[in-house]
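> My questions all concern the structure below.
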Amino acid sequence: MISDLDLARLELDTYAAEPAGDVIDTGIDRLVLTRFPDLTVVSVKGTTTPAEWISNFKVVGVREATHPQLGICESGFLSGGSALWDKLLPEIDPTIPLLIQGHSRGAGMVPILAGLAFLDGIRPVRCVCWEAPWSVGAQARALLVDSGIDGIQYWHGDDPVPCAPAVPWLVPNVWPIRHFGSWMIDPFACHAMEGIVATLDG
């Protein structure tokens with residue numbers, strides 16, 4: 001299986017002007033599809049800074065939306081993940097194992113993408129969330145856990161994003177949280193993928 005450092009580097013590449021993999025863009029969100037002979041990696045781009053991510057909620061608010069099988073989700077993550085999945089599904093070879101990862105807003109869409117994949121008959125072999133905000137409720141978490149989809153949520157240093165938006169109809173984590181890195185004077189410095197890659201590479 002591909003290493004966490006290699007995955008982090010692929011996730012960082014989603015922020016590049018011209019990523020190495022195949023780009024799927026909805027005009028709002030973007031993911032990069034990297035194909036290996038024995039694995040397809042889907043890396044969902046996030047926001048550049050946590051301040052930018054938080055400002056999204058200040059503008060539109062935190063709203064709930066209900067999916068027939070996933071249950072209550074945060075509306076922005078559900079709409080973004082659904083739009084990406086509609087474009088991604090035709091590009092997936094179901095005979096090759098699928099790994100889904102994301103950073104920040106992209107990490108919030110990982111459980112939704114994994115759930116939609118499962119509902120379409122594709123079981124991801126692993127999900128990796130880098131600095132994931134709360135995005136789904138208990139029904140989606142139960143669907144993913146009960147289906148045996150493996151996953152991990154990484155929390156780097158004292159990044160504030162994994163603590164938000166703390167509303168009672170969302171769950172703080174779908175998969176186990178692994179905290180790594182050190183606390184910093186500037187907690188937003190822990191959020192950037194560049195810092196995550198540097199910590200893993202150190």
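> Hey, among Ile28, Ile2, which residue is in contact with a Gly (Cβ under 9 Å, 6 or more places away or on another chain), over 14 Å from Leu113 (Cβ atoms) and of a type in the set (A, V, I, L, M)?
It is Ile28.
> Can you tell me which residue in the range 76-122 is surrounded by the most Cβ atoms within 10 Å (Cβ to Cβ), limited to those that are of a type in the set (S, T, N, Q) and outside any loop (DSSP other than H, G, I, E, B)?
So, considering only residues that are of a type in the set (S, T, N, Q) and outside any loop (DSSP other than H, G, I, E, B), the one surrounded by the most Cβ atoms within 10 Å (Cβ to Cβ) is Gln101.
> Which condition from (1) within 24 Å of Ile24 (Cα to Cα); (2) among the charged types (D, E, K, R); (3) surrounded by fewer than 23 Cβ atoms within 10 Å (Cβ to Cβ); (4) touching a strand residue (DSSP E or B) at 6+ places or on another chain (Cβ under 8 Å) is the one that Glu131 breaks?
(3)
> Going residue by residue through the range 45-67, is there one that turns out to be modelled with pLDDT of 95 or more, of a type in the set (Asp, Glu) and out of contact with any strand residue (DSSP E or B) (no Cβ under 7 Å at 6 or more places or on another chain)?
Looking for residues that are modelled with pLDDT of 95 or more, of a type in the set (Asp, Glu) and out of contact with any strand residue (DSSP E or B) (no Cβ under 7 Å at 6 or more places or on another chain), one finds none in the range 45-67, hence no.
> Please specify each residue of the range 1-11 satisfying the condition of being assigned to a helix (DSSP H, G or I), surrounded by fewer than 19 Cβ atoms within 10 Å (Cβ to Cβ) and touching a residue at least 24 places away in the same chain (Cβ under 8 Å).
Within the range 1-11, Asp4, Leu5, Arg9 qualify.
The values are calculated or read from the model by the stated rules, or taken from the named source; none is laboratory data. Keep in mind it's a predicted model, so treat the numbers as computed, not measured. So basically every Cβ, Gly included, is an ideal-geometry build from the backbone, and we count neighbours across all protein chains shown.
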